[in-house]
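All remarks here apply to the structure that follows.
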Amino acid sequence: MGLTRSRRQIDLPSRSTASSGHDPAYFEFVLAAENKHFWFRARNRIIFTLVRQIMADQGDRYRRILEVGCATGNVLRVLEQACPRGTIVGLDLLAEDLEYARRRTSCDLVRGDAENLPFCARFDLVGLFDVLEHLPEDNRVLLDLHALLRPCGVLVLTVPAHPSLWSYFDEVNQHRRRYAPSDLKDKLTRAGYSIEYLTQFNASIFPMVWVRRWLTMWIGRDSNNAASMRNMALSELRILPFVNELFAFLLAQEARLVARRHCLPIGTSLLAVARATIE
């Protein structure tokens with residue numbers, strides 16, 4: 001489908017008719033956390049910095065951006081700030097998500113499935129932020145996105161790192177996998193991308209996350225029912241003012257290293273900047 005600068009949205013399915021990845025109550029809790037929680041703030045800072053760098057490096061040529069799995073528009077508004085003169089498009093499956101995104105951004109919003117992309121237009125940059133781990137066929141999605149990029153277009157993506165960190169949080173969020181750095185690198189390479197930058201991030205919280213997940217596994221083994229796992233996941237999203245601001249400060253320093261394209265040795269997440277190779 002073609003794109004215009006006018007703001008629009010295609011007819012959408014509701015959360016009740018499509019799988020959301022979250023139950024409604026959990027969704028509302030995440031929505032409330034997106035503006036303040038240190039994890040979302042840190043990731044948005046990194047995305048903003050890298051996308052702005054890519055835009056500056058490529059000049060006027062890089063102006064059409066797609067976010068696949070844009071959900072409620074938390075990152076879309078960051079992309080708008082990073083490329084204020086570009087055409088930013090958000091793609092998601094669910095009506096409630098895109099209804100909320102409409103309130104946050106002036107982007108074009110399109111109903112669509114990441115595994116059946118509804119575009120014929122090509123993009124200069126595609127963002128895929130903590131989406132790939134939800135999809136059954138991640139290799140095929142990477143190939144499809146490669147076909148959607150213009151020659152030498154850029155894919156920027158984030159995913160959860162390290163299968164060893166698998167926990168209740170992944171179960172509640174309906175993840176299918178976590179990625180080792182070598183695994184993500186291999187998948188991107190086989191899909192035809194040239195990797196410009198790949199790093200772990202959220203290094204500052206790695207020890208806390210590792211300890212919490214380990215303790216939960218060994219101490220809370222008898223609490224692995226859906227309600228208990230959901231409550232444990234919710235506890236990680238609660239805003240504890242002092243702790244939240246401390247980690248926000250630490251991750252802001254880390255973001256400066258990522259902005260300089262340093263490769264961090266540990267982290268709970270992975271970030272990749274990959275360019276579509278010319279066939």
- [ ] With everything on Cα atoms, drop me the angle between helix 24-33 and the longest principal axis of the chain, reported from 0 to 90° to the nearest 10.
- [x] 80 degrees
Open item on the list: Show me, for the stretch 118-126, the HN-Hα J-couplings you get by feeding each phi into the Karplus relation (A = 6.51, B = -1.76, C = 1.60, θ = phi - 60°), rounded to Hz, glycine and proline as x.
Closed with: x, 10, 10, 5, 10, 10, 8, 8, 10
- [ ] Apply the Karplus parameterisation 6.51 cos²θ - 1.76 cosθ + 1.60, with θ equal to phi minus 60°, to every residue of the stretch 42-53 and state each ³J(HN,Hα) to the nearest whole Hz, in sequence, with x for glycine and proline.
- [x] 5, 5, 5, 4, 5, 4, 4, 4, 5, 5, 5, 4
TODO: Compare the Cα positions of Ala191, Gly153, Val126 along the charge dipole of the stretch 15-276 (+1 at Cβ of Lys, Arg; -1 at Cβ of Asp, Glu; about the Cα centre) and return the one farthest towards the positive end.
DONE: Gly153
Open item on the list: List the residues, sorted by chain then number, that are 5 or more residues from Ala161 or on another chain and whose placed amide H is less than 5 Å from its amide H.
Closed with: Tyr179, Ser269, Leu270
Open item on the list: Per DSSP helix of 4 or more residues, -39500 (n - 2.57); summed, then divided by the residues of the chain. What does that give at 222 nm, rounded to the nearest 500?
Closed with: -13000 deg cm²/dmol
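What dipole magnitude, in Debye to the nearest 20, does the chain give about its Cα centre under +1 on Lys/Arg Cβ and -1 on Asp/Glu Cβ?
Using only the charged Cβ atoms, the result is roughly 780 debye.
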- [ ] Can you tell me the FRET efficiency between Leu250 and Glu115 if r is taken as the Cβ-Cβ distance and R0 is 30 Å, rounded to the nearest 0.05?
- [x] 0.25
Task: Sequence of Met232, Met55, Met208 once ranked by neighbouring C-beta atoms within 10 Å, starting from the fewest - done: Met208, Met232, Met55
Task: Using distinct alpha-carbon pairs, which all enter the 1/r mean, Kirkwood radius of the stretch 38-128 in Å - done: 13.2 Å
Open item on the list: Please list, in order along the stretch 266-274, the HN-Hα scalar couplings obtained from phi with the Karplus expression 6.51 cos²θ - 1.76 cosθ + 1.60 (θ = phi - 60°), rounded to whole Hz, x for Gly and Pro.
Closed with: 9, x, 8, 9, 10, 10, 9, 10, 10
Task: P(r) of the chain over all Cα-Cα pairs, binned every 10 Å from zero, in whole percent - done: 6, 29, 38, 22, 4, 0
- [ ] Please determine, in degrees from 0 to 90 and to the nearest 10, the orientation of helix 138-148 with respect to the longest principal axis defined by the Cα atoms of the chain, where the helix direction is its Cα long axis.
- [x] 20 degrees
TODO: Please tell me the relative contact order of the stretch 15-276 in percent, rounded to the nearest whole number, where contacts are Cα pairs under 8 Å and at least six residues apart.
DONE: 23 percent
Task: For the stretch 15-276, with +1 on Lys and Arg beta carbons and -1 on Asp and Glu, the positive-most of Phe40, Ala227, Trp214 along the dipole - done: Phe40
- [ ] First check a/c for the stretch 93-175, with a ≥ b ≥ c the square roots of the eigenvalues of its C-alpha gyration tensor; if it is under 1.5, answer rounded, and if not, answer prolate when a/b is larger than b/c or oblate otherwise.
- [x] oblate
Task: Size of electric dipole in the stretch 103-235: Cβ of Lys, Arg +1 and of Asp, Glu -1, about Cα centre, debye, nearest 20 - done: 220 debye
Open item on the list: Helix 226-237 against the longest principal axis of the chain: what's the angle in degrees, Cα atoms only, rounded to the nearest 10?
Closed with: 70 degrees
Task: Of all DSSP beta bridges in the chain, antiparallel share, percent nearest 5 - done: 45 percent
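If you place +1 on the Cβ of every Lys and Arg and -1 on the Cβ of every Asp and Glu, how big does the dipole about the Cα centre of the stretch 49-107 come out, in debye to the nearest 20? Spell out each step's value before the answer.
Numbers: 9 positive and 8 negative charges, 57 e Å.
Around 280 debye, computed over the stretch 49-107.
All of the numbers you see were taken from the coordinates with simple rules; none came from a lab. Just so it is clear, the model here is predicted, and its values are computed rather than measured. All Cβ positions, even for glycine, are placed from backbone atoms using ideal geometry, and neighbour counts span all protein chains on display.
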